[in-house]
Structures are given as structure tokens and as C-alpha cells.
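Read the structure below first, then the notes.
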Amino acid sequence: MTSPNSSISSSESGVRYLAVSLGLAAALLGALCLLSIKVKWFSDLPDYAPLLAYQLEKLDRSAGLDTVFVGDSSLGNAIDTETFDRLTGRRSANLALTGLFGYAGSYNMIRRAVEKEPGLRTVVVVQAADMMSRADDLRGYVLSTPRVLDADLPAALRWPVARAWIGELLDWQTLKTAIRAPVLRLLSRPVRDIVIENDYVKQASSRAPFGPVLRAEDVVPGKLDFLQRIAELCRVQNLTCVYAHGPLAAELLDRSHGFFQAADRLIESTGLPLAAPEPVPLADSQIGDTQNHAAPGEKAAMTAVYAAMLRPFIDAGGSKPKEQTARTTQPKP
Amino acid sequence: MLFNSPEFLFVFLPITCAFFFVWRWVGLSVLSVPVLLVASVAFYGWWSIEHVPLLLGSILFNFVVGMGLVRRPGRALLALGVGVDLLLLGYFKYAVFTQGVVNDLLAAQWPALSIILPIGISFYTFTQIAFLVDAYHGKVDDKDPLAYALFVTFFPHLIAGPILHHKEMTVQFAALPRMRIGSDDLAVGVTMFAFGLFKKTVLADSLALHASPVFEQAAAGHAPGLFAAWTGTLAYTLQLYFDFSGYSDMAIGLARLFGIRMPENFNSPYKARSIADFWQRWHMTLSRFLRDYLYIPLGGNRRGKARSYVNAFITMLLGGIWHGAGWQFMLWGALHGAYIVVGRLFSDWARPRGIRLPAAVGATLTFLAVILAWVPFRAPDLAAAGSVYVGLVGLNGIGAPSLQAAALIALGLAIVWGLPNSQQILARFRPTLAAVAVAPARGPLLWRLGSAHAVALAVVLVAVVLFANDVSEFIYFQF
């Protein structure tokens, strides 16, 4: 069976060729999917795994929490819950992940906290000041979701999330991770350079160069999907939820006001109130290993700043959790 | 819907193939052309539904004018047809740029036009202008409107070429209902498509990570140092080739799935030994169009040497402008025009004296000239191009080399210089309507439909899937 103008010899079989190549490719990709599941969800090999496991274990062990902080490394390096609880009289947990997880990771951590802690009253979302300029966080969703088949997702997000699942399962980095780990162990070298210290990942010894100044046009459209999910969850669960920008180097903040005006408009459009219109400025001596990280020695002081900033929301949360009025408002058009 | 997107690979293509082959299976081969036509219009509509009427209107207009020219060839009708096509292209593609230039020259404050460029308009306008010119010259025999509509819209080439000639396609479409399409056609089509996908997702997109930052930073005012400028320029040189030739391979492979052969579009262009040779190997269907419908009508070589130089320069300049509305594209076209003129001057001087450049010298000079011309082609504006040029001669400092980028560029150069191209690898199956016979690859690189090459194809497919996580557009979609 060939086209009339074909020069293909009849001894070669297109059917067998296609069957072998497509079948073998499918088998190899299937094996990679299984390896991805093992490495990403059932091992501590990926860089994000120890922190995710640490925060999930913290949630498992907790009892009687009334406040949770969710967000990324800007939160992990800024809020010390012992100090916060002492200043506010709350029982809180800091469930900070990393920027990789984005708003989607925060959404998933809130869902986990709601399921675990019936007395939860207040949720504080603290994300890096530039989070609204970063690309989508579907990868963070896939890696932290409590459910594979998630009925809570709106229809518009199902196809993008399905693509993100496919991307995670067919990720060649998995191969790299799976091969690299035993080699490093053989060489008696650490598989990862991540150490949990002071309730979060230990900071690097040197400061990374600052990123560019943030401009209003840097705000990524469509970044709101999971913030809207968070706001909706807060309304349904009658939680007081508030958004606070993570701290930012004062040098950058001074030249980025337009960005925060644009970002705040979008954040508030979801119905989440803002604790403050702009990030807490970090003086040079207060900056840790990146522009978004408070130095380790500044964590308690930074917590005090945030506690004061969040005071109206803590007070509004009241002492009768089941009768309170949700602090989240209806979404603005 | 990109060829490398899951929507295309797992939804559109299987559905189209299913419809196409089911009708043939039940003996309704006559529906082959309508099925492909509907699929092609749907493919375009997925991109931009609002521009479907423009596409269909353009097809109807050109077909009517073309049939009029077949019946009674006349300059006025030809001028009307070509004029309307060029007006449409000019409005959508050049009005914003022209208005900006006028605003600058007259210091006027006219509000900026907001015109969305219909995707593929440059390609479908050119194919149809060629059709009108051929109709005028009495070279059009086929009068089937469906075959004509499919020739323009056939989804493998609609968005970014190859620029097809009606004569080579309508004959095949007319024969499609009677044509036997075998499993070997499918095997060759899948293999060619996979080669193209590999070039795009594994090679081009990896190189882009080293090319794009250099040009973007140059546009933002950060002048690249020597290493960065060369890294960015070389990486882009290779990225563009793998991206566009990969797209062309995919188009050729897709067409073959339906038993259709397309003209080849690339023939190892970076192995060229002169600029003229380069243009016989790079975007060959555009070169053919520019030669047949611009250079020759301008007079070609028929009016003396001096005039042929001018014609060549004008042709390349207009070829540059066809790529986009911007000074940088004009500079790119002018550079290539100048290269061709210098090449011919040298040839005219050297040949009577028996002087011939050694092949390696010719190839090196050609490659250098080509990569220098890619700088304005890639740069967002002339200032950025200037900044990269300054970096290339080391006047922005030296900087530090990136070993990863160097390794990737070395791999890319080894492929383009050391390996046969897709057509040569699949030469046994005549994958294209090759105008020039290509030398088949030798040894194991000459593909067979056997077990060893089936395993190799599986590896290519796995690599493609693993690298295809972030679907990115093809560079030539913007033109």
C-alpha cells in the first residue's frame, strides 16, 4: 500500500515500523511517569520536598491553631510564630513554602489547614513582593494539591491543570534527579543543600544580585486564578483572610510604586483585603540573601512589624470563631 | 494551535486523520479534499476566528480574478488582483509602521493605529499573487475551486509556509481521491514530523534560552560584552535555522500523512559557499517566489550587469520588508542585497582571472556574513542591533563565557555542518518535491523503515515529549 508516486520498496513495513516506534516511545514515557510519581511524590529527592514535608508534618502535629500564615520564602524568613503568638495572643503556624508554589501552593495549604483545624479563624497570605509579576503557578498546584481529582477546580482551570500534570509526569528533570541522587550518595556528598533552620530553609551565605525595578506593566494578567480561589474559600469557610506583601529591599521599593498600585488593584478585585498597600521596606542592613528575604537576625523585629500591621484584622477576627463575619468582601468588578 | 501543542497533537490531528481516512475507508475518497479544507479552515479559526472571513474573502476574490485572467488575460485585471492583495497586506502589516514614520517625519501627533496582523497573511497573500501572475501568463490549468481553496489554506503550510506554487499542489489535490496512501506514507510523515519537532523543541528552544536574553538586555540598554554578544548571535543563528527548518519539516511530514508532497524549504543553508548559494538553500520557496515574481519581472539578468545588481539589491530589500515592518528588517534585506552584489562583483572580477576562493574560505565568509545580518533581524530595534554589533567587536568589554551555552552552540554547529539534513536522511522515501536532487545520507543515517530506525524514532519522540513542556511559538509566525 503506497502512493503511486512513491519510491518505497515493498519489503519495508510501515506498519511494523510505526508499531515499534510508537509502542516503544509509549512504554518509555509510561516508565518515566511511574518514575516521576515515585520521585516527586514519594521521595525527598527534589529540592522542594524536604520543606513541603516539614510544613505538612507541622500541620499534622498541630492542634488548636487559630491562625495560619501561607506563602513563600519571603514569609518563611519574615514571620516567627513564637514572637507573633506572644504579641497577639494567637496560636499560629507558619506554613511557608517557596515561590515555586505561588498562590496555588497557598491555596492548597489553606485547604489542608481548614480540613485539619476546625477552629481556624485567620489566614494571612504573604507572598514575595514581586509575585504578581511571575508566571503562573500551576506547577505549584500540582506538587501540593491534596487531591489528584479536584472537584473544587473551576472548569476554566481544568485543562491548564491537566497539562501541568502531564508536564510534571513527563519532566526530564526527574531522570536527572533520580540519577544524580545515588551518584552523590556514592560520593558521600549531600543530595541537596537544603537545611531547615529557624523554622524555614537556611539562607545562603551570600546575597544574590537584585532583580530589576518592578513596573506596572510587569503584572502578569491571569495571575489571579488561585487568589480568587483563596478568597472564595475564605468566604465559604467564614475565615478572616488578609493579603500582605512580603518585605522588599527599600532600594527597589522606592522605584516600584506603580507596580504595587497595579498589583493591589488586582489583588483587591478578588475580595481579599490588603494589610498594607506596599511591602515592608528592608534597609540594607536588614536584607538577607535576596531582595525579598529579611536577614535571619531580623526575623523577630520583622514579625513585630507584621503583627502591628495585621492587628486590625486579628482584632476583627474576634473570639467567637463560629459567629464571626467573614472579613473577605465580595469581589470587586 | 501550534504543531507542538497538545491540542494539535492529541485532538486536532487525530480527529482530522480519522475523518480523512474513514471516508476513504468506506469508499468516499471524493470527500478527501473537502475534509482537509474544513479541517484547514477550522485550524485557522482556532488561531483567530475573527480573521476567517478575511481569509475566505481573499480566496474567493483571487479565485474569481484568477479565473477571469484564465479566460481573458489582461493587465488591468491582473493589476486589480495584485493591487488589492498588496493593499490588504500593506494595511495589515505596514500601516502602523508607516504611520509611525510619518509621525516622526512631520512631528505629527496622530493617534497610533491599532491593527492586529492576521496570522499567515504574508504567506497566503504571496501564494495567491503567484497564482494570479501565472493565470495571466496562461500557466493555470486547474479550475476546481475546492482544490484552489485547499491549496491556499492547507493547514500544514497556512501559517508559515513553505510558500507553495499552485501548480505543484492542485495537481496532487485533484489526484487525492484516487491516490493510495499507504502505511509507509504515514511512517515517513510521522518520522519527518518528529524530526521537525525535535529541531524545534529540543534544539531551537534550548538555544533560545541563550539568544533571547542578550538581545532583550541590549534593547533594555545593557550593552553585551564580547562573549555575550557572540553567544547571543551564534545561538540565534542556530535557533532560527532549527526553528524554521523544524517547522518546515513538520509541515512536510504532516502533508505526507495525507499523501501530499511539499517542496523542500531548507537544504543545509549553513553549508553554503556563497551568499547566492545560501539563498538557494535557505527558505527556498521564498527565494523561488522572489526570483520568479520579482527579480525576473524587474529584468533579472537580461538588461546588463549593472541593472542585474540593482535588481538583486531591490529584490533582497523587498524580501526584507516582506518579513516585517521595521527598519531592522530593511537593514537585514539591504545587507543581503549588498552581499549578493559584492559576491557578483567579485565573481565577475575573479572568474576571468581564473581565481577561485577555496571552498572553506567561501563557506566561512558566507557564514560570517549571514550571522552578522541576523543581528538586526533578531534585535527589537536598530539601537539594540548597534549595541550587539559593538559587543561583537569587544568594545563593550569582554565578559565571561557561558560553558553551557558554548557546549550547546558547538553541538548545534556540529549538527548543521557535520550531519545530513532531514531530506537527505529520508532520501529513500523522496519526502519532498525536491527541485534539486539531494545527496542521500550514508550509512546508518540513511533512514529505513526497519527495527533499528524504529527504535531511533522512539528515542526522538521521547526526547520531544520531554522537552515539549513549555510550548513556544515558531519565529516565522510573526511574519
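The values are calculated or read from the model by the stated rules, or taken from the named source; none is laboratory data. Just so it is clear, the model here is predicted, and its values are computed rather than measured. Note that each Cβ is placed from the backbone with ideal geometry, even for glycine, and that neighbours are counted across all protein chains shown.
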Which one of the conditions (1) at pLDDT below 85; (2) crowded, with 17+ Cβ neighbours inside 10 Å; (3) more than 14 Å from every other protein chain (Cβ to nearest Cβ); (4) more than 30 Å from residue A:222 (Cβ to Cβ) does residue A:43 fail to meet, given that it meets all the rest? (2)
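Quickly run through the range B:4-57 and pick out the residues that are among the β-branched types (Val, Ile, Thr) and farther than 21 Å from residue B:121 by Cα.
B:11, B:15, B:16, B:22, B:26, B:30, B:33, B:35
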Within the bounds of the range B:425-432, is there any residue that is in a helix (DSSP H, G or I), within 22 Å of the chain's Cα centre (by Cα), modelled with pLDDT under 95 and within 14 Å of chain A (Cβ to nearest Cβ)? yes
Please find, among A:139, A:207, A:134, A:215, the residue that is in contact with a Leu (Cβ under 8 Å, 6 or more places away or on another chain) and surrounded by 13 or more Cβ atoms within 10 Å (Cβ to Cβ). A:139
Would you mention how many residues in the range B:128-178 are hydrophobic (A, V, I, L, M, F, W, C) and under 20 Å from residue B:77 (Cβ atoms)? 8
Just one listed residue, out of B:299, B:253, B:259, is in contact with a helix residue (DSSP H, G or I) (Cβ under 6 Å, 6 or more places away or on another chain), crowded, with 20+ Cβ neighbours inside 10 Å, in contact (Cβ under 8 Å) with a residue 12 or more places away in the chain and not in a helix (DSSP H, G or I), and it is B:259
Candidates A:220, A:191, A:183 - the one that is under 19 Å from the mean Cα position of the chain (by Cα), away from every other protein chain (no Cβ under 14 Å) and not hydroxyl-bearing (Ser, Thr, Tyr): A:220
Every residue from the range A:149-180 that is at the interface with chain B (Cβ under 9 Å from one of its Cβ atoms) and touching a Cys at 6+ places or on another chain (Cβ under 8 Å): A:170
Test of understanding: among B:479, B:467, which residue is more than 14 Å from chain A (Cβ to nearest Cβ), crowded, with 16+ Cβ neighbours inside 10 Å and modelled with pLDDT under 90? B:479
If you take the residues of the range B:22-43 that are aromatic (Phe, Trp, Tyr) and crowded, with 16+ Cβ neighbours inside 10 Å, which of them is modelled with the highest pLDDT? B:43
Could you say which residue among B:388, B:438 is within 14 Å of chain A (Cβ to nearest Cβ), closer than 19 Å to residue B:241 by Cβ and β-branched (Val, Ile, Thr)? B:438
Between a residue in the range B:263-275 that is at negative phi and touching a residue at least 40 places away in the same chain (Cβ under 8 Å) and any residue that is in a loop (DSSP other than H, G, I, E, B) and among the small types (Gly, Ala, Ser), which pairs come within a Cβ distance under 8 Å, given they are 6 or more apart or on different chains? B:263/B:434; B:263/B:435; B:264/B:434; B:264/B:435; B:265/B:161
Take the conditions surrounded by fewer than 16 Cβ atoms within 10 Å (Cβ to Cβ), under 26 Å from residue A:82 (Cβ atoms) and either of a type outside the set (Phe, Trp, Tyr) or more than 21 Å from the chain's Cα centre (by Cα) (or both) and apply them to residue A:312. Does it pass? yes
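Name the one entry in B:408, B:413, B:345 that is more than 19 Å from residue B:284 (Cα to Cα), assigned to a helix (DSSP H, G or I) and within 22 Å of the chain's Cα centre (by Cα).
B:413
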From the options A:249, A:294, A:275, A:301, residue that is aliphatic (A, V, I, L, M) and farther than 18 Å from residue A:72 by Cα: A:301
Restricted to the range B:422-449 and to residues being touching an Asp or Glu at 6+ places or on another chain (Cβ under 7 Å) and over 21 Å from residue B:200 (Cβ atoms), the residue surrounded by the most Cβ atoms within 10 Å (Cβ to Cβ) is B:449
When you scan the range B:180-189, do you find a residue that is surrounded by fewer than 24 Cβ atoms within 10 Å (Cβ to Cβ) and more than 14 Å from chain A (Cβ to nearest Cβ), even just one? no
Conditions (1) under 20 Å from the mean Cα position of the chain (by Cα); (2) within 14 Å of chain A (Cβ to nearest Cβ); (3) under 24 Å from residue B:285 (Cα atoms); number of the one not met by residue B:174: (1)
Any residue in the range B:330-345 that's in contact (Cβ under 8 Å) with a residue 40 or more places away in the chain: show its pairings with residues that are not basic (Lys, Arg) and not in a helix (DSSP H, G or I) at Cβ separation under 7 Å, as long as the two are six or more apart or on different chains. B:343/B:274
In the range B:141-162, is there at least one residue being surrounded by 20 or more Cβ atoms within 10 Å (Cβ to Cβ) and over 23 Å from residue B:42 (Cβ atoms)? no
